[in-house]
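What follows is one structure encoded as structure tokens, with my remarks underneath.
The values are calculated or read from the model by the stated rules, or taken from the named source; none is laboratory data. Quick caveat, the model's predicted, so the values are computed rather than measured. Virtual Cβ from ideal backbone geometry, glycine too; neighbours counted across all protein chains shown. Calculation scope for accessible area: heavy atoms of the full protein, side chains included, ligands and nucleic acids excluded. Shrake-Rupley method; radii C 1.70, N 1.55, O 1.52, S 1.80 Å.
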Amino acid sequence: LSQPARKQEYRAQPPSLEIRDYLDGDLRQEMIRDARQGLSGGSKSLPPKYFYDELGSCLFEDICETPEYYPTRVEMGILKKYAASIMDFFGDEESDLVELGSGSNRKVRTLLDAVDPDLLELIRYVPLEISQSALRQSALELIRDYQGLRVLGLMADFTRHLDALPRGRKLITFLGGSIGNFSSAQAVQLLSAVAEVMGPRDRFILGLDMVKPVDVLERAYNDAAGVTERFNLNILANINRELNGDLDPSDFEHLAFFNRDEEQIEMHLKAVRPVQGRIRDLDLELRMKPGQTIHTEISRKFTEDSASKEFDQAGLKPLRWMRDQQGWFSLVELAKV
Ligand SMILES: C[S@@+](CC[C@H](N)C(=O)[O-])C[C@H]1O[C@@H](n2cnc3c(N)ncnc32)[C@H](O)[C@@H]1O
């Protein structure tokens, strides 16, 4: 958006909604760096945050509706069961409810539904989201549906902009098992950055997808309707649009499997024929042999032990574990050590 257009848009916002933009155009510069680094060498990769353009955010919502994708349903069940006790945090004190990677806000609604409507005005909801379309649309829907709620939307990258979070008392949530998209070292870095912005009375609710039978895991990332495949391939469309590329999605197929040694689902785009593409803004010729892949996502699965080691290194301590009956998913309430 041009400068005047953006100003106008901000002025048109209702008074209970404020949006602050910390990306301010530099996401493209970062994409240039990441795509150059990820696609130049022999083993190729792209960071999963580039799935989430407007279509990617919608496709993620569709994945959540597929019968095979258990994490959303199971996590929602745990949230419903524990919502009232989680929201006891707010009592009658004005505080912030922060959500990292808030997407469609569907999960925070479960939490807000557990609050006495008269007390909603004590809460300011602070979604931090990289997808502009998801952030704006979901915030507008939320203030329409929850009278009295104030929303401060942060258009930002949670790997870089956590210092944009308000300093007052807050409950931070990071749901959906997205912490699993980071290697152990990166996750410790991210969790440490969260601990850094927490005060002694703040709390952090983290969603973790747990290790479980391989067939359940692999089905979740290979749904029969092919929605995850479309989501995975959409990263190429995003690169083409933003960086002036001509990569042909039909040169690739979706590949997702559980790597037992690393306890992680890996998602790749596998070349089904020789690939010869060009990304003009990188001045890069992409050449791949059939069978070669672009690694697009990991989704690590946790045990209480493996997660606790990372909490320890990040300076966080678990106060309680909230689980479903099968132990497929966990919400952990954490405090700063
Ligand atoms: C797997 S979805 C989960 C959405 C929602 N939290 C849920 O549990 O259903 C990940 C969300 O995080 C956002 N996201 C991904 N990387 C991000 C980043 N680096 N900074 C901020 N948001 C990010 C995506 O746009 C998407 O909305």
Subset tally (residues that are surrounded by fewer than 21 Cβ atoms within 10 Å (Cβ to Cβ) and under 22 Å from the mean Cα position of the chain (by Cα)) for region 281-300: 2
Counted residues, region 14-65 - those being more than 13 Å from the ligand (Cβ to nearest atom), under 30 Å from P290 (Cβ atoms) and in a helix (DSSP H, G or I): 8
Of the criteria (1) in contact with a Ser or Thr (Cβ under 9 Å, 6 or more places away or on another chain); (2) open to solvent by 30 Å² or more (accessible area, probe 1.4 Å); (3) over 16 Å from M210 (Cβ atoms), which one K309 fails: (3)
Criterion violated by T159 - all others in (1) part of a strand (DSSP E or B); (2) near the ligand (Cβ under 8 Å from one of its atoms) satisfied: (1)
Which numbered condition L233 misses (of (1) farther than 21 Å from G56 by Cα; (2) not in a strand (DSSP E or B)): (1)
Subset tally (residues that are part of a loop (DSSP other than H, G, I, E, B), open to solvent by 30 Å² or more (accessible area, probe 1.4 Å) and in contact with a strand residue (DSSP E or B) (Cβ under 7 Å, 6 or more places away or on another chain)) for region 313-326: 0
Region 166-192, residues that are open to solvent by 10 Å² or more (accessible area, probe 1.4 Å), within 12 Å of the ligand (Cβ to nearest atom) and part of a loop (DSSP other than H, G, I, E, B): L175, G176, F182
Pair list, Cβ under 7 Å, 6 or more apart: region 65-82 residue closer than 13 Å to N222 by Cβ, other residue within 10 Å of the ligand (Cβ to nearest atom): Y69/I63
Complete set of residues in region 105-144 that are more than 16 Å from the ligand (Cβ to nearest atom), open to solvent by less than 20 Å² (accessible area, probe 1.4 Å) and in contact with a strand residue (DSSP E or B) (Cβ under 8 Å, 6 or more places away or on another chain): I123
G101 vs. criteria of a type outside the set (A, V, I, L, M) and surrounded by fewer than 21 Cβ atoms within 10 Å (Cβ to Cβ): no
